[in-house]
């Protein structure tokens, strides 16, 4: 017969810690209640049998890299809320969900969580030991559910939050898949033209030995570099990606890149509104679940994913500690201001491609255009650097929520509004991408055709 260790309170409010033997946890609880105690914690006392069981469970673990997918976590949370609503003990619910989970990070985390609960930990304490699957947001909401005795409601809110986050992420990814595929195919076709077709024309033009137009010289130089340095075609985007990762390792670099990315035309507003929708929904969910506002703001800051939003929420947290409201510092600190690193990134991004073209064509004068493009990029940044990342309507709704005591409701409304805006922007982006890609492909093909036909026209004139 298993032994259960429990913590309870007697009629006088004194804390009692003891052990009891019973066939099951339900019967142990009934016995303790008959003794006149109010149970605060109960778990199986770990012994040799339990240790063997836990060891057996460890054998079922599989190798997994990273954490659980948001989709899997949302399904798990939803199913756990259903089981809790049905009145099942938490350990049995977790064992059921563990058994039907696919091998991976989430299944391993559930095994660890069950083992921790059997050894006397609460659900939030057990989940906190698997941070790759259960982040601070998840753990703190579970802790609030345990403290308030409303675990089913908290799990439903958490499940809804994860589902909305996954839906928003899926929409953004869907908007990016189409242009990425088209650009990759276009780059493949252009590479083939540079590799096979342009060298044939170059041989023909060399035989006639006449001066080629500047466009043709540039095209021939690009073709020659593609043939001689073909390995740079995958290496350049890989190098750019690694450079961005390295830049984001440093605090100043991460801030500069995040300020750059939210000011990029077309994609910047989409990313900014996506972050704002996610952070307001996170904070609203935490406030509605009973998490203290300072802890909620700290968790929201950690899940923002953008340095500028993290900075703003940190300033808001500091202001609240000094007795201020949320809305006033949110209005004050939502203007990014000038950032040297962001300015340098704008200059580099705008001038880099033209500098590369000048190096390919070995035309130093062409570098002046690159410098001009970089200066235009800096001017664009200076014009937009002080635009708020949080609109005035958001600040006013937060202010109203604080005054009426319905901050969570107002934050949910803000998140819903920006979710709809992200959807609208995503749909508009999909429609805008088609003509932009056509212009890109038409411009590239037109450049190649004109660069090849100009010498042919001149050649025909000379022959006639």
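The values are calculated or read from the model by the stated rules, or taken from the named source; none is laboratory data. From a predicted model like this one, the values you see are computed outputs, not experimental measurements. Reconstructed Cβ throughout: ideal geometry from the backbone, glycine too, with neighbour counts over all protein chains shown.
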TODO: List every residue pair whose Cβ atoms sit under 6 Å apart, with the two residues 6 or more apart in sequence or on different chains, where the first one lies in region 411-430 and is over 15 Å from residue 169 (Cα atoms) and the second, anywhere, is outside any helix (DSSP H, G or I).
DONE: none
Open item on the list: For the structure I just gave you, tell me whether residue 270 is buried (at least 19 other Cβ atoms within 10 Å of the Cβ), at pLDDT below 85 and touching a helix residue (DSSP H, G or I) at 6+ places or on another chain (Cβ under 7 Å).
Closed with: yes
Task: Selection status of residue 249, assigned to a helix (DSSP H, G or I) and surrounded by fewer than 21 Cβ atoms within 10 Å (Cβ to Cβ) - done: no
TODO: Residue by residue through region 10-20, note down the ones that are modelled with pLDDT of 70 or more and either exposed (fewer than 12 other Cβ atoms within 10 Å of the Cβ) or more than 20 Å from residue 90 (Cα to Cα) (or both).
DONE: 10, 15, 16, 17, 18, 19
- [ ] Quick one: count up the residues across region 140-156 that are within 16 Å of residue 284 (Cβ to Cβ) and modelled with pLDDT of 80 or more.
- [x] 2
